[in-house]
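Participant: Before we start, here is the structure in question, set down as structure tokens.
The values are calculated or read from the model by the stated rules, or taken from the named source; none is laboratory data. Here the structure is a predicted model, which is why all the values come from computation and not from measurement. With ideal geometry, Cβ positions are generated from the backbone for all residues, glycine too; neighbour counts draw on all protein chains shown.
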């Protein structure tokens, strides 16, 4: 966790997210977006999309060419704006809404 990675391997996380997202009910047309989704900045949306892929902070930092500390800040802001408690919740939202 000190390196910004979760407690399980990123590959396992990606597989779990893919399975849960596939099992999640599809959103219905006209269903409102989660509160706060519109308030996300472009960069926060990019980070949210990476969370949806199950990437670790280090992997997100490498992909988006930013410092890992910046990724952590963006993750915290995403969780706060969307009123979520965990990266896993953010990943499910990203999958459901195609972020």
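Participant: For residue 99, work out the one condition from (1) more than 14 Å from residue 36 (Cβ to Cβ); (2) in contact with a helix residue (DSSP H, G or I) (Cβ under 7 Å, 6 or more places away or on another chain); (3) surrounded by 16 or more Cβ atoms within 10 Å (Cβ to Cβ) it doesn't fulfil.
Facilitator: Every condition holds for residue 99 apart from (1).
Participant: Does any residue of the stretch 1-23 turn out to be at pLDDT 70 or above, at positive phi and under 15 Å from the mean Cα position of the chain (by Cα)?
Facilitator: Checked against the condition, which is being at pLDDT 70 or above, at positive phi and under 15 Å from the mean Cα position of the chain (by Cα), the stretch 1-23 yields no hits at all.
Participant: Going through the stretch 35-70 one residue at a time, which ones are in contact (Cβ under 8 Å) with a residue 40 or more places away in the chain and over 28 Å from residue 9 (Cβ atoms)?
Facilitator: Correct list: 35, 36, 37, 39.
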